[in-house]
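**Q** I have a structure here, written as structure tokens, and I will follow up with some questions on it.
The values are calculated or read from the model by the stated rules, or taken from the named source; none is laboratory data. The model shown is predicted, which means the values in this text are computed figures rather than measured ones. Every residue, glycine among them, receives a Cβ derived from its backbone with ideal geometry; neighbour counts consider all protein chains shown. Calculation scope for accessible area: heavy atoms of the full protein, side chains included, ligands and nucleic acids excluded. Shrake-Rupley method; radii C 1.70, N 1.55, O 1.52, S 1.80 Å.
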Amino acid sequence: MTEASRYRPELIESRWQQAWADQGLDRTPENDGGKTFYALSMFPYPSGNLHMGHVRNYVITDVIARSARMRGHRVLHPMGWDAFGLPAENAAIERGVEPGDWTDRNIAAMRLQLQQLGLSIDWDRELTTCHSDYYRWTQWLFLQFLEAGLAYRREATVNWDPVDQTVLANEQVDGEGRSWRSGALVEKRQLRQWFLKITAYADQLLDDLPKLAGWPERVRTMQANWIGRSSGTELDFELVDGQGQASGESITVFTTRADTVFGVSYVVLAPEHPLVKRLTTPDQATAVEAFCDLVSRQSEQERTAEDSPKRGVPIGAMVRNPATGALVPLWIADYVLAEYGTGAVMGVPAHDQRDFLFARRYELPVRQVIIPEGSDEHAYAGGAWTEAGILIHSGRFNGLSSAAAKKAITAAAEAEGWGRGKVQYRLRDWLISRQRYWGCPIPVIHCESCGVVPVPAEQLPVELPRQVAFSGKGASPLAQLEEWVNVACPCCGQPARRETDTMDTFMCSSWYYLRYSDPHNRSLPFERSQVDRWLPVDQYVGGIEHAILHLLYSRFFTKVLRDRGLLGFDEPFSRLLTQGMVQGITYKNPHSGKYIAPGDVTDATDPRDPKTAEVLEVFYEKMSKSKYNGVDPASVIDRYGADTARMFILFKAPPEKDLEWDDADVEGQFRFLQRLWRLVEAAANRDLRLEATAAAGPTPFSDLSPAERELRRAVHTAISAISDDLSGDYQFNTAVSELMKLSNAMGEHLEAASPAVANEALATLLTLLAPFAPHLAEEFWQKLGGSGSIHRQHWPVADPTALVRDTIPLVIQIKGKVRGNLEVPADADKATLEKLALESEVAARWLEGKAPSRVIVVPGKLVNLVP
RNA sequence: GCCCACCUGGCGGAAUUGGUAGACGCGCUGGGUUUAGGUUCCAGUGGCUCAGGUCGUGGGGGUUCAAGUCCCCCGGUGGGCACCA
């Protein structure tokens, strides 16, 4: 092989990337009313280095965008940066760099890496959430929520690090309740925090899930679980005083088991319930206070572990069961959560496992009021019967089934004024306050006389001050910037103070996909005409780790903005592809628990720790620095080029499954591209010129040689299969394998084919290859004299006449088992097929002259003879 | 505990939706070319096998002329939610 004919991706890729940029090939077309397609990857946090998970994500989206373009869509394929967040602030604390500078440097480095992948991204629409031309509109949208009554402040329990004197996010508190930074035991503190009222949209967010037919079932299920709607009943238990006199006040409990109300033996409040202090009788005050103190010092983990003992104390007060009129004691207990339902539950030990454990511990009565259907009234068996059944000892409701009783009791409660049907959600309002510097400032001002005053829209953005001092301690640096904090109230002009909390970064990422439709707008976050034209996103691609939060928040934003008249659709993402993670080969010493770098493993087929000579565990796991199993995308591109990396990633596994990175398979993929290189080289040496094809027109079928017919069949089979793989349910792995099959067929038949047929095959192969290996496809296209860029070519359409065969192999089955094949005319009818099958050698041998009792004929496929 | 997904050769994975299981690739085996090696080309590659068959898609049962695919039971792996009343 001569030097000139070797495939050298490093000589090709950067050249084409430059050429495409110069030609503006990836620019989003003017939207002149043609069919649009919006292909979107979840935007990255600019950590500074690209990892394989990113590569997989963006390559998948790029193939989708490129093939949509070739099919004649006007494609929007943008990229941006989710650029606020803790790592920048930590870099500032640890290394004294300015978070904004650190972030911008990372973005520059990562943008370069992305460009080396040959992604057809419209960089003119790039956005960065930490730049004020973006976060200005995040603030503007916050004010929309505020105006709509969907943003509010209230006291909330937060994690407080007493050493660093700062609030921590839940993720920054480890399993033992210690701060990730200081190691101090985290305290619970009550602080006034900003919330978005996502619960107001809980119903819609749940009810619209079935509309998302283009989403993976499991993501919809996860969201449904997260929202956690449960229908039940609120029941009012009236407070009575020591003399049994009604006080006129009542405790409301939420239950999904109204049918068990006759079995209530006590009522429990959460220790944090606001009424606890007031209702506690003097004789119980000490015990109650001690218990509340104990609970407040428990970590979330201890508190919510399922096997933790259920503990509590009676507070001395009594309540009346509205169904029976009986008096039962009021308790507080650690197993009742203040945040869910009404913060109060009725205790029915016979029919709830937790209540049962609690009752046993404190010797409270157990009253059975449900028996299994079909059983007689039976002796109490111990434990809690939590299934549905038939009511007993329940007065007028005796004999009803649980389901009927829930309805009847709820109806009675409503009629008689002691309860009501109620839908309850697990979903809580979204706490967006962060006591952090590197985030989008919440645009409000606190004024002593006017209260919370929104920053007027024309004064946005509230700029995040730069060059602040980081100590890593105390509240956010913002709170210490007196010249920033102190402002005049926009309302009354009196001295006032800025809000110093910033927003959760999920706020920034909840609307970025809208901004791409109109990224340079200086008077609005986006023009409605633009957003309505491009959205909803046709295909969203990203990791499963965002299945709940980001996707739920984005859906919430979309619905709110729709209700504000800012856009005209209900759901932001029509189709969602959750790509699997990229795993690296991992070596671990099972005894020491240490991970070993692959380079330190001497023999991968019998991997032993080089030092201890112990056998290592070998498995695939998500790439991570600490496990020494990562593969750097840059090194792969250096060695094999972006096209090989792209092809390998697409071929190795279906997109939604985990991908096991395997160097041998990367090699294999590189070999495939080299084979193509030689194929095209040979064609160029034959002087095949693609432009000749169109002029000559298709060769009539009857003029084709058998080899040419084979070749054309392979070409059009590939068109049909790959087109299929790229529409709807994306199957890039089989699409790549179809490319391999086509190239195999071309290797076999191309030489014997006329220039017209050979050119058709070459042009088709290159066009089909273009979305997957864009550089190489373009290089080949130019080498063979194709006009313009291959990426402006139309996607080929399969010619059905090329798929026609004269004869087909007919499968002969005897009683469902394959016994042979028979070459038969492709257009033979059922009767002919039956006749041919019965006359076949196979039939003669297996039927031994007897006529079959039954014959099943599937034209084009098989004949099944049943003796 | 509740919910979801998945389980196919040595490995990653195919299988027009009930119709020839194992496409395509990796790996492996044998051979040719070149050679110092790699590259490259050809052939083979699920198990058993008396070479005709026979078994085979986590296990067991069922429906059907025909089951990886549909139904029932069981097991395993991964994931989500979880003291949510």
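Rundown of residues vs (1) more than 27 Å from A:Ile12 (Cα to Cα); (2) within 16 Å of RNA strand B (Cβ to nearest atom), yes/no style:
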{"site": "A:Arg713", "(1), (2)": "yes, yes"}
{"site": "A:Lys741", "(1), (2)": "no, yes"}
{"site": "A:Asn744", "(1), (2)": "no, yes"}
{"site": "A:Glu748", "(1), (2)": "yes, yes"}
{"site": "A:Val757", "(1), (2)": "yes, no"}
{"site": "A:Thr764", "(1), (2)": "no, no"}
{"site": "A:Gly786", "(1), (2)": "no, no"}
{"site": "A:Ser789", "(1), (2)": "no, no"}
{"site": "A:Ala798", "(1), (2)": "yes, yes"}
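**Q** Six or more apart or on different chains, Cβ under 6 Å: which pairs go from a residue in the stretch A:705-732 that's of a type in the set (Asp, Glu) to one that's within 11 Å of RNA strand B (Cβ to nearest atom)? Could you list them?
**A** From the stretch A:705-732, the pairs are A:Asp725/A:Gln731; A:Asp725/A:Thr734; A:Asp725/A:Ala735.
**Q** Under 8 Å between Cβ atoms, which residue pairs at least 6 apart in sequence (or on different chains) link something in the stretch A:526-555 that is of a type in the set (Lys, Arg) with a partner that is assigned to a helix (DSSP H, G or I) and surrounded by 16 or more Cβ atoms within 10 Å (Cβ to Cβ)?
**A** These pairs meet every condition: A:Arg555/A:Leu205.
**Q** Give the residues of the stretch A:85-124 that are out of contact with any strand residue (DSSP E or B) (no Cβ under 8 Å at 6 or more places or on another chain), of a type outside the set (Phe, Trp, Tyr) and closer than 14 Å to A:His520 by Cα, sorted by residue number.
**A** A:Asp124
**Q** Looking at A:Thr28, A:Thr61 in this structure, which one is touching an Asp or Glu at 6+ places or on another chain (Cβ under 8 Å) and surrounded by 17 or more Cβ atoms within 10 Å (Cβ to Cβ)?
**A** Matching residue, one of A:Thr28, A:Thr61: A:Thr28.
**Q** Among the residues in the stretch A:226-247, are any within 30 Å of A:Glu545 (Cα to Cα) and of a type in the set (A, V, I, L, M)?
**A** Looking through the stretch A:226-247, at least one residue is within 30 Å of A:Glu545 (Cα to Cα) and of a type in the set (A, V, I, L, M).
**Q** Looking only at helices (runs of 4 or more DSSP H) that lie completely in the stretch A:673-784, which have at least 1 residues being on the phi < 0 side of the Ramachandran plot, under 36 Å from the mean Cα position of the chain (by Cα) and surrounded by fewer than 18 Cβ atoms within 10 Å (Cβ to Cβ)?
**A** Ranges flagged: A:706-725, A:732-749.
**Q** Here's a follow-up. Taking only the stretch A:528-549 into account, find how many residues are assigned to a helix (DSSP H, G or I) and open to solvent by less than 10 Å² (accessible area, probe 1.4 Å).
**A** The total comes to 2.
**Q** Further question on the same structure: Could you count how many residues in the stretch A:576-594 are open to solvent by 20 Å² or more (accessible area, probe 1.4 Å) and at pLDDT below 85?
**A** Total satisfying the criteria: 6.
**Q** Exactly one of these conditions fails for A:Glu89: (1) of a type outside the set (Ser, Thr, Tyr); (2) buried (at least 22 other Cβ atoms within 10 Å of the Cβ); (3) modelled with pLDDT under 95. Give me its number.
**A** The one condition A:Glu89 does not meet is (2).
**Q** I would also like to ask the following. Quick check on my filter: what residues within the stretch A:338-377 are away from RNA strand B (no atom under 13 Å from the Cβ) and more than 23 Å from A:Leu327 (Cβ to Cβ)?
**A** A:Ile371, A:Pro372, A:Glu373, A:Gly374, A:Ser375, A:Asp376, A:Glu377
**Q** Pairs only if they're at least six apart or on different chains, beta carbon under 6 angstrom, first in the stretch A:463-488 and open to solvent by 80 Å² or more (accessible area, probe 1.4 Å), second of a type outside the set (D, E, K, R) and modelled with pLDDT of 85 or more; list them, first residue then second.
**A** Here the result reads A:Glu463/A:Ser132; A:Arg466/A:Gly100, each pair linking the stretch A:463-488 to a residue that is of a type outside the set (D, E, K, R) and modelled with pLDDT of 85 or more.
**Q** In the stretch A:558-575, which residue that is of a type in the set (Asp, Glu) and assigned to a loop (DSSP other than H, G, I, E, B) is surrounded by the most Cβ atoms within 10 Å (Cβ to Cβ)?
**A** Top of the filtered list is A:Glu571.
Rundown of residues vs (1) of a type in the set (Val, Ile, Thr); (2) within 30 Å of A:Asp638 (Cα to Cα); (3) over 26 Å from the mean Cα position of the chain (by Cα), yes/no style:
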site: A:Ile60; (1), (2), (3): yes, yes, no
site: A:His77; (1), (2), (3): no, yes, no
site: A:Arg105; (1), (2), (3): no, yes, yes
site: A:Asp133; (1), (2), (3): no, no, yes
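**Q** Looking only at the stretch A:216-250, count how many residues are in a loop (DSSP other than H, G, I, E, B) and within 12 Å of RNA strand B (Cβ to nearest atom).
**A** Result for the stretch A:216-250: 2.
**Q** If you don't mind, another one. Kindly indicate the residue of the stretch A:624-669 that is within 8 Å of RNA strand B (Cβ to nearest atom) and more than 24 Å from the chain's Cα centre (by Cα) and also nearest to A:Met52 (Cα to Cα) among those meeting that condition.
**A** A:Asp662
**Q** Another one. Looking at the structure I just gave you, is A:Val842 in contact with a Leu (Cβ under 6 Å, 6 or more places away or on another chain) and aliphatic (A, V, I, L, M)?
**A** Taking the combined requirement at face value, the residue does not satisfy it.
**Q** So is A:Pro309 open to solvent by 10 Å² or more (accessible area, probe 1.4 Å), more than 21 Å from A:Arg278 (Cα to Cα) and not aromatic (Phe, Trp, Tyr) or not?
**A** Against the criterion (open to solvent by 10 Å² or more (accessible area, probe 1.4 Å), more than 21 Å from A:Arg278 (Cα to Cα) and not aromatic (Phe, Trp, Tyr)), A:Pro309 qualifies.
**Q** OK, next. Name the residue, out of A:Ala773, A:Ala777, that is within 30 Å of A:Lys652 (Cα to Cα) and touching an Asp or Glu at 6+ places or on another chain (Cβ under 8 Å). Walk me through it before giving the result.
**A** Details: A:Ala777 fails: touching an Asp or Glu at 6+ places or on another chain (Cβ under 8 Å).
Step by step, each of A:Ala773, A:Ala777 is checked, and only A:Ala773 is within 30 Å of A:Lys652 (Cα to Cα) and touching an Asp or Glu at 6+ places or on another chain (Cβ under 8 Å).
**Q** Okay, next question. Could you tell me which numbered condition A:Pro525 fails, if it satisfies all but one of (1) open to solvent by 20 Å² or more (accessible area, probe 1.4 Å); (2) within 30 Å of A:Arg125 (Cα to Cα)?
**A** The failed condition is (1).
**Q** Okay, next question. Are there any pairs with C-beta distances below 8 angstrom linking a residue in the stretch A:576-598 that is closer than 11 Å to A:Gly630 by Cβ and in a loop (DSSP other than H, G, I, E, B) to a residue that is of a type in the set (Ser, Thr, Tyr) and open to solvent by 60 Å² or more (accessible area, probe 1.4 Å), with the two at least 6 apart or on different chains, and if so which?
**A** Taking only residues 6 or more apart or on different chains, the pairs are A:Ala597/A:Tyr628.
**Q** Can you tell me which residue among A:Asp82, A:Asp22 is more than 16 Å from RNA strand B (Cβ to nearest atom) and touching a Cys at 6+ places or on another chain (Cβ under 7 Å)?
**A** From the options A:Asp82, A:Asp22, the qualifying one is A:Asp82.
**Q** Oh, and also: In this structure, does A:Pro314 turn out to be open to solvent by 10 Å² or more (accessible area, probe 1.4 Å) and either in contact (Cβ under 8 Å) with a residue 24 or more places away in the chain or in contact with a Cys (Cβ under 6 Å, 6 or more places away or on another chain) (or both)?
**A** Considered against the rule, which asks whether it is open to solvent by 10 Å² or more (accessible area, probe 1.4 Å) and either in contact (Cβ under 8 Å) with a residue 24 or more places away in the chain or in contact with a Cys (Cβ under 6 Å, 6 or more places away or on another chain) (or both), A:Pro314 comes out as yes.
**Q** Of all the strands (runs of 3 or more DSSP E) wholly in the stretch A:812-867, which have at least 1 residues that are open to solvent by 30 Å² or more (accessible area, probe 1.4 Å) and more than 8 Å from RNA strand B (Cβ to nearest atom)?
**A** A:817-825, A:854-858
**Q** Could I ask something else about it? Go through the stretch A:358-385 and give me each residue that's under 40 Å from the mean Cα position of the chain (by Cα) and at pLDDT below 90. Even if it seems obvious, please write down each step before you answer.
**A** First, pick out the residues of the stretch A:358-385 that are under 40 Å from the mean Cα position of the chain (by Cα): A:358, A:384-385.
Of everything in the stretch A:358-385, those that are under 40 Å from the mean Cα position of the chain (by Cα) and at pLDDT below 90 turn out to be A:Ala384, A:Trp385.
**Q** Further question on the same structure: Can you name the residue in the stretch A:58-81 that is in a strand (DSSP E or B) and hydrophobic (A, V, I, L, M, F, W, C) and is also farthest from A:Asp32 (Cα to Cα) among such residues?
**A** For the stretch A:58-81, the residue satisfying everything is A:Trp81.
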